[in-house]
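Values quoted throughout were computed directly from the atomic coordinates according to the rules given, and no laboratory measurement underlies them. These numbers come from a predicted model, not from an experiment. Quick reminder, even Gly has a Cβ in these numbers, built from the backbone with ideal geometry, and neighbours come from all protein chains shown.
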Amino acid sequence: MKTHRYETSVAWAAGGEGTKSYRSYSRNFTIAAQGKGDIAGSSDPAFRGDATRYNPEELLVASLSSCHMLWYLHLCSVSGITVLDYQDNATGTMEAGDSSGQFVKAELRPKITIARGGDSARARALHEEAHRLCFIARSVNFPVDVEAEIAEQ
């Protein structure tokens, strides 16, 4: 079995009083990977974060969505189905208690346009295979549902 390693860095700077109190510190951070642009991150605004930056919860949902999409596009390409457009408005649901929380589900809702004359039934079925192969979905401990729409152009 091949092993793949992924490296990122997360940087946070205290500024001001640092973590002297719960309200005193910034939740802003920067995610970086060698040779790539930075991602401005923060906590969810519900947890005193900056709404103009990506939060870890959004990034998890985006990871699920993009992993599924990339597998789906691969499967379509090797199956002779020409995808012309792919849009997904994915959601994740987290339940939070007093001190912590966890995701309880995610929903992917891809809307795909395939070339006219393509096999719509096969295009729809490939979502099941993409879901089975998506290593991000296989790695989480909550259900990831996929409700796809297929249109021809």
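As a test, work out the antiparallel percent of DSSP beta bridges whose residues both lie in the chain, rounded to the nearest 5.
70 percent
Could you state the angle between the C-alpha long axis of helix 56-78 and the longest principal axis of the C-alpha atoms of the chain, as a value from 0 to 90 degrees rounded to the nearest 10?
Approximately 20 degrees, to the nearest 10.
Output the relative contact order of the chain, whole-number percent, from Cα pairs under 8 angstrom with separation of 6+ residues.
Details: 246 pairs, mean separation 26.0, N = 153.
This gives 17 percent for the chain.
From the phi of every residue in the range 130-143, what ³J(HN,Hα) in whole Hz does the Karplus formula 6.51 cos²θ - 1.76 cosθ + 1.60 yield, where θ is phi - 60° and glycine or proline is x?
4, 5, 5, 8, 5, 6, 6, 4, 5, 9, 8, 9, 9, x
Step through the residues of the range 146-151 one at a time and calculate ³J(HN,Hα) from phi using the Karplus curve (6.51 cos²θ - 1.76 cosθ + 1.60, θ = phi - 60°), rounding each to whole Hz and writing x for Gly and Pro.
Along the range 146-151, the couplings run 10, 10, 9, 10, 10, 10 Hz.
Using the Karplus equation 6.51 cos²θ - 1.76 cosθ + 1.60 (θ = phi - 60°), what ³J(HN,Hα) coupling, rounded to whole Hz, does each residue of the range 25-32 give in order, writing x for Gly and Pro?
10, 6, 9, 6, 8, 10, 9, 9
Arranged from highest to lowest average of other beta-carbon atoms within 10 Å per residue, in what order do the peptides 16-26, 122-132 appear?
Output ranking for 16-26, 122-132: 122-132, 16-26.
How do SER139, SER120, SER100 line up, fewest other C-beta atoms within 10 Å first?
Fewest-to-most ranking of SER139, SER120, SER100: SER100, SER139, SER120.
Could you pull out every residue, at least 5 positions away or on a different chain, whose amide H is within less than 5 Å of the one on LEU84? Hs are placed 1.01 Å off N in the peptide plane, and Pro or chain starts have none.
Amide H neighbours of LEU84: THR113, ILE114, ALA115.
Before anything else, pin down the relative contact order of the range 1-54: Cα pairs under 8 Å, at least 6 apart, normalised by residue count, whole percent.
So the answer I get is 26 percent.
Taking neighbour counts of Cβ atoms within 10 Å as a proxy for exposure, in what order, fewest first, do VAL78, VAL104, VAL140, VAL61 appear?
Ranking VAL78, VAL104, VAL140, VAL61 by Cβ neighbours within 10 Å, fewest first, gives VAL78, VAL104, VAL140, VAL61.
Would you compute, from DSSP H runs of 4+ residues alone, the mean residue ellipticity of the chain at 222 nm, taking -39500 (n - 2.57) per run and dividing by the full residue count, rounded to the nearest 500?
Computed ellipticity for the chain at 222 nm equals -9000 deg cm²/dmol.
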